[in-house]
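Okay, so here's the structure we're looking at.
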Amino acid sequence: MHETYIRIENITFTIALLLYLLAMVLYFITIVAKKSLAKPARYAVWLGFFLHTAAIVVRGIGAGRAPLSNQYEFATAFAWGIALFFLLFERKYRFDAMGAFVTPLLFLIMGYASMLSREVRELMPALQSGWLVIHVSMAIIGYGAFAVACGVSLMFLAKSYSQRARDAGLPELEQLDRVSYRAVQFGYLFLTLTIITGAIWAQYAWGRYWAWDPKETWSLVTWIIYTIYLHVRRKNRLTDTGAAWYAVIGFVCVIFTYIGVNTLLPSLHSYV
């Protein structure tokens, strides 16, 4: 990868990271100090998102392939998915306080990406497939939606248990519960597609659809958790508070599937 592309990527990535941090601080001030800084915070996320997109595009052009094949590339794409869904849901529902609960997740994933190696390596044979873009894109979309569901559920729990949070002017609990539910529904669809496309890709790459690899197993565990969540919600057998905890636990499983498995368990997916 040419040094010019590396320099542009590093600059745009770093500025995006700082803008996300600025947005997080401004959103916190908005709900804690009750000063209306949500508008500049929103602008900071939008600008960060555009620069973040530029960093990913530049890396893809410089590498000559889709930038979705290693830990760093997936981490920054994961953060991009969170930013995308936050902006979409924030624009639709106009919950200024949502930023105080979602941008920390965005900043943490982006910060994690910043600590990883950005070296561009040649793709190993298993990754030299059109299924790479399809499979990983499904995961990014699903994970981004789950992150928003987690952030909104944390807002729900904060308002449920904290008088200070109730005094901060957070949206009504019913609204928060409804938004979280819709985000989980969207994420669940794409998590299902992630597993299906991964199985098809595995058949092409390794000659089997499923091998109980740690990442496959934890993806299934995560899918089962969200399946239970959606089932009991539809049957009205889960309290709103219980649903919020389910959404948070589900996202913890998402994080473990991505970071924990790669760090702690030997896996065929360790390169991603």
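Quick one: divide the alpha-carbon radius of gyration of the stretch 152-252 by 2.2 N^0.38 Å and tell me what you get. All intermediate terms of the calculation are to be shown ahead of the outcome.
Values: Rg = 16.9 Å, N = 101, 2.2 N^0.38 = 12.7 Å.
The value comes to 1.33.
Pick from PHE89, PHE49, PHE156: which residue has the top mean-square fluctuation in a GNM of the chain where Cα pairs under 10 Å get a spring?
Looking only at PHE89, PHE49, PHE156, the biggest GNM fluctuation is shown by PHE89.
What percent does the relative contact order of the chain come to when contacts are Cα pairs within less than 8 Å and at least six residues apart?
On the way: 347 pairs, mean separation 49.3, N = 272.
That works out to 18 percent.
Hydropathy first: keep DSSP H helices in the chain averaging at least 1.0 on Kyte-Doolittle, then drop any whose Cα extent along the axis falls short of 27 Å, and list what survives. Mind dumping the intermediate values first?
Working: long enough: 3-32 (43 Å, 1.59); 38-63 (37 Å, 0.92); 71-93 (33 Å, 0.59); 131-161 (44 Å, 1.56); 173-206 (47 Å, 0.52); 214-234 (30 Å, 0.05).
Long hydrophobic helices here: 3-32, 131-161.
With a ≥ b ≥ c the root eigenvalues of the C-alpha gyration tensor of the stretch 1-145, is it rounded (a/c under 1.5), prolate (a/b larger than b/c) or oblate?
Because a/c hits 1.5 or more and a/b exceeds b/c, the stretch 1-145 counts as prolate.
What is the spin-label model distance, in nm, from TYR43 to ILE259 if the labels are put 7 Å beyond Cα along the C-beta direction?
Here the modelled spin labels are 3.2 nm apart.
Could you tell me which of the pairs LYS35/LYS92; LYS35/LYS159; LYS159/LYS215; LYS34/LYS92; LYS34/LYS235; LYS92/LYS215 are separated by over 28 angstrom between their Cα atoms in the structure shown? Each step should come with its number before you reach the end.
Numbers: LYS35/LYS92 22 Å; LYS35/LYS159 19 Å; LYS159/LYS215 34 Å; LYS34/LYS92 22 Å; LYS34/LYS235 38 Å; LYS92/LYS215 33 Å.
Correct reply: LYS159/LYS215; LYS34/LYS235; LYS92/LYS215.
With each label point set 7 Å from Cα along the Cα-Cβ vector, what nm distance links VAL57 and LYS34?
4.3
Pick from HIS231, HIS52, HIS135 the residue whose mean-square fluctuation is largest in a GNM of the chain, springs joining Cα atoms under 10 Å.
HIS231
Given 0.36 nm per residue, what is the gain on full extension from ARG234 to TRP206 after removing their alpha carbon distance, in nm?
On the way: separation 28, 0.36 × 28 = 10.08 nm, distance 3.79 nm.
Residue separation times 0.36 nm, minus the Cα-Cα distance, leaves 6.3 nm.
Sort the chain into rounded, prolate or oblate with this rule: let a ≥ b ≥ c be the square roots of the eigenvalues of the Cα gyration tensor; rounded if a/c is under 1.5, and if a/c is not under 1.5, prolate when a/b is larger than b/c, oblate otherwise.
On the way: a/c = 2.42, a/b = 1.24, b/c = 1.96.
The shape class here is oblate.
Fewest to most neighbouring Cβ within 10 Å: what's the order for TRP80, TRP210?
Details: TRP80 22, TRP210 13.
Taking fewest neighbouring Cβ atoms as first place, the list is TRP210, TRP80.
What is the set of long-range amide H partners of LEU37 at a cut-off below 5 Å, with H atoms built 1.01 Å from backbone N?
Those qualifying (amide H under 5 Å, at least 5 residues apart or on another chain) are THR30.
I want to verify a result. In a Gaussian network model of the chain, Cα cutoff 10 Å, which of these has the top mean-square fluctuation: GLN163, GLN71, GLN175?
Among GLN163, GLN71, GLN175, the largest mean-square fluctuation in the Gaussian network model of the chain belongs to GLN163.
Every number in this text was worked out from the coordinates using simple rules, so none of it is lab data. Everything numeric here is computed off the predicted structure, so don't read it as measured data. With ideal geometry, Cβ positions are generated from the backbone for all residues, glycine too; neighbour counts draw on all protein chains shown.
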